[in-house]
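What follows is a single structure, written as C-alpha cells, with notes after it.
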Amino acid sequence: MSLAFLLPATSADASATLRTHASAKGKFIGAALATSPLSNETSYRNIAATEFSQVTAENAMKWDATEPNQGQFNFSGADAIVNFATQNNQQVHGHTLVWHNQTPGWVQSLGASAMRTAMQNHISQVVGRYANNATVVSWDVVNEIFNENGGWRSSFWYNTLGQSFVADAFRAARAADPNARLCINDYNVEGINAKSTAMYNLVSSLRQQGVPVDCVGFQGHLSIQYGFPNDLQQNLQRFADLGVQVRITELDIRMQTPRNATKDATQATYYRNVVNACLAVTACAGVTIWGFTDKHSWVPGTFPGEGAALIYDENYQPKPAYNAVHDALAGGTTDTTPPTTPGTPTSSNVTSNSAALTWTASTDSGGSGLAGYNIYREQGATDTLLGQSTTNSTTLTGLSSDTQYQVYVRARDGAGNLSANSPPATFTTLSGPGGGGPCTAAGTVQTQWSTGYVVQPVTVTNTGTSAITGWTVTFTLPAGHTLTGSWNADVTVSGQTVTAKNAGYNGNLAPNASTSFGFQVSRPNGNTQTPSGYTCA
Ligand code: XIL
C-alpha cells in the first residue's frame, strides 16, 4: 500500500465540489432547477446532485403551476424537485407564494375580500403541504413588490389590497409552517439605492410590528455591461443588522453574446465578488445560482442579445465563472470541530400528537458557528430525524397517539459538523385521535353545478368540556365523486372515504368553540348527490 492511501482527503481538497467547500464555510451553494431537464438529462441531474447543497424550483412552485384553477392544486412539479433534493441531501427554498407574474387570471380578477382569502388559502395549502417535510426550509413569501424608485409596484395585489397583503401573506405563511424561514425577495436591490432602501425600511417596520419576516433575498440578476454593485457587502450587512438572514437567491451574470475570454474573465470576477460578499457577512446563508448551465437559462429569452450568464456552458463544461465560485468558496480555513453536546431534553405539553422539548444549548468553537439542532427518535437500528430547530427548544408535531418516544438531540454547526448525541429523554403521547374530542361536524353545500359542488363551511365544534388540540372529520363521497381540492384541513382520501385532520393552525378549540374547513368535488354529469353524515373525533 502506498503512503498516499493513508493521507486523509480533506474537505478543502482543491478538486472538491462547490457544496463541499460551501458547507465547510457554513454556507449553502444552490441552483434553480427546472423539471424538464431534471427528468430528461443525466448530465443535468448529476451536476445538480453533486455540486449544490440547496435547490430552488425555477418555476414549479409558482402559483400558475400549483393552483391553476381555484382550489385545484397540482404539486407534481414541486414534488419532483423536493424529492430530488431529499435524495441528494439538499435543502429547498420555496419560490414563490405571492407575485404579480405567473399568477393565473382567476386570482387577478377577484375582489378584495375574495383575493385576500384566496391568497391565504393558497399559502396555507402550498406551505402546509411541506410543513412537515424537513427538506423544505424556507419560502419567498412576497416577490418583487417595489419599483426602481422605491415606490410600491402597482400590481393587482397592491391595487386591490393595498400594502396590507404583505403582512397578511407573512402571517399566513407562519401559521402554515411555524418553522419555515420566511423571505421577501427582489431584484436590483444588490447595491444601496432607492429600491433597496425602500425594502430595508419595510422590513424594519414589519418586524417592529411583529410581522414574521425572517430573511431578505437579493436576486442578483447582474450583467457585466452595467458594472458590479461594489456596495453589495455593505448592503447585505445593513439588512443583517436588522436581525434578518440574507441570501443571494437568483444569481446570474449575463453578457452580450457571443462569449469571449475577456468577457468570461469579467464575469468570473463578478461571481467571485458575490460569493466573497456573502462569505464576509455572517448572516448571509448562501448563494443560489439561477440555473447552472447556459443550455437552460432564462436570460437569452428575456434579455435580447445577452446570454452565457451561468457557470457551465451549453455542453455542461465548467467556465471560468465556475472556478471563481469554487476558489472563493474554498479560500481560507475549514471548520472540522463539532459543537459541544446538548443537554438532556425535557418534555412538556405532551398531547396525543405533539410534545414540547427544551434542552441546555451547545456552543461551537470551530469558526462556522452554531447553526441549530437535529432531534432524533431512537428506533433500534436506524434513528429517524423527528425535527430541526434553530434554538434550544422545539415542538414536535405529527406524532402518533398513545406511543412511547425516546428522543435525543444533536447540535449542528454551520459547516455541517454534528455533536455527540445528548442523553435521551422519554415521553408517551396521550391516547385518542387528534387531541381527544368529543366534537361534531356539519357541512353546508355552498354552491353546486351539474358536474360538481363546493362544501363550505364544514363547521367543526368542540362539544366537550375541555379544550382539544386536534380533530379528525371523516365522511363518505357518493360513488363516482372525486375530491378536487380542499382548504383549512389536511385531507387524505382512501377509496370514497375522506379523512380531514385539522391544519397546523386550527386544531386548538376551547369548549363550544368552532372552526371550519372546505372542499370541492367533481361528480358525474347529472348526478345530484352530495355527502352527508360527517363524523368528528
Ligand atoms: C423566471 C424563470 O427563470 C423563467 O423560466 C420564467 O419563464 C419566468 O421567470 N425573478 C424571479 C424568478 O423571481 O421567478 C424569475 O424566473 C426571474 C426573475
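How much length is gained on full extension from ALA381 to SER348, taking 0.36 nm per residue of separation minus their Cα-Cα distance?
The ALA381-SER348 span can extend by a further 9.2 nm.
Which is farthest toward the positive dipole end of the chain among PHE84, ASN147, SER486, measuring Cα position about the Cα centre, with Cβ charges +1 (Lys, Arg) and -1 (Asp, Glu)?
Going by the Cα projections, it comes out as SER486.
Taking 0.36 nm per residue of separation and subtracting the Cα-Cα distance, what length does fully extending SER400 through ASN46 add?
The SER400-ASN46 span can extend by a further 123.7 nm.
Can you give me the distance in nm between label points at THR465 and ASN193, each placed 7 Å from the Cα along the Cα-to-Cβ direction?
6.7 nm
Which FRET efficiency value, to the nearest 0.05, is calculated for GLU148 and ALA265 with the Förster distance at 30 angstrom and r the Cβ-Cβ distance?
0.55
Would you kindly derive the ³J(HN,Hα) couplings of region 78-92 from the backbone phi angles with the Karplus curve 6.51 cos²θ - 1.76 cosθ + 1.60 (θ = phi - 60°), listing them in order in whole Hz, with x for Gly and Pro?
Along region 78-92, the couplings run 4, 5, 4, 5, 5, 5, 4, 5, 4, 4, 10, 6, 10, 9, 10 Hz.
How far apart, in nanometres, would the label points at GLU306 and ASN201 be if each is projected 7 angstrom from Cα along the Cα-to-Cβ direction?
Placing both labels 7 Å beyond Cα along the Cβ direction yields 2.7 nm.
Pull up the DSSP beta bridges for the chain and report the antiparallel fraction as a percent, rounded to 5.
Of those bridges, close to 65 percent are antiparallel.
Which FRET efficiency, nearest 0.05, do ALA240 and SER431 yield, Cβ-Cβ r, R0 51 Å?
0.60
For a quick check: with amide H placed at 1.01 Å from N, whose amide H comes under 5 Å from SER516's, ignoring anything fewer than 5 positions away on the same chain?
Under 5 Å from the amide H of SER516: VAL460.
Taking the chain, how much of its Cα-Cα pair set, in percent, is spaced more than 31 angstrom apart?
52 percent
If the cut-off is 14 Å between C-alpha atoms, which aspartates and glutamates fall inside it for LYS62, apart from same-chain ones fewer than 8 positions away?
Counting by Cα, and skipping residues close in sequence, LYS62 has these aspartates and glutamates nearby: ASP79, ASP140, GLU144.
Find the centroid of the Cα atoms in region 63-96 and in region 167-233, then give the distance between the two in whole Å.
After rounding, the separation between the Cα centres reads 22 Å.
To the nearest 20 debye, what is the magnitude of the charge dipole of region 146-271 about its Cα centre, counting +1 on the Cβ of each Lys and Arg and -1 on the Cβ of each Asp and Glu?
Using Cβ point charges on Lys, Arg, Asp and Glu, region 146-271 gives about 60 debye.
When Lys and Arg each count +1 and Asp and Glu each count -1, what net charge do the other residues less than 15 Å away from LEU97, Cβ to Cβ, add up to?
-2
Could you compute the FRET efficiency for ALA442 and THR360, with r as their C-beta to C-beta distance and R0 at 35 Å, rounded to 0.05?
The pair ALA442/THR360 has a calculated efficiency of 0.15.
Suppose only helical runs count, i.e. DSSP H with n ≥ 4. What mean residue ellipticity at 222 nm does that imply for the chain under -39500 (n - 2.57) per run, divided by all residues and rounded to the nearest 500 deg cm²/dmol?
-7500 deg cm²/dmol
Would you list, by chain and number, the aspartates and glutamates whose Cα falls below 13 Å from the Cα of LYS263, excluding same-chain residues fewer than 8 positions away?
GLU306
Computed from the coordinates by the stated procedures, all read-outs in this text should not be read as laboratory data. Computed from a prediction, not measured in an experiment: that's the story for all the values here. Ideal geometry is used to build each Cβ from the backbone, glycine not excepted, and the neighbour counts take in all protein chains shown.
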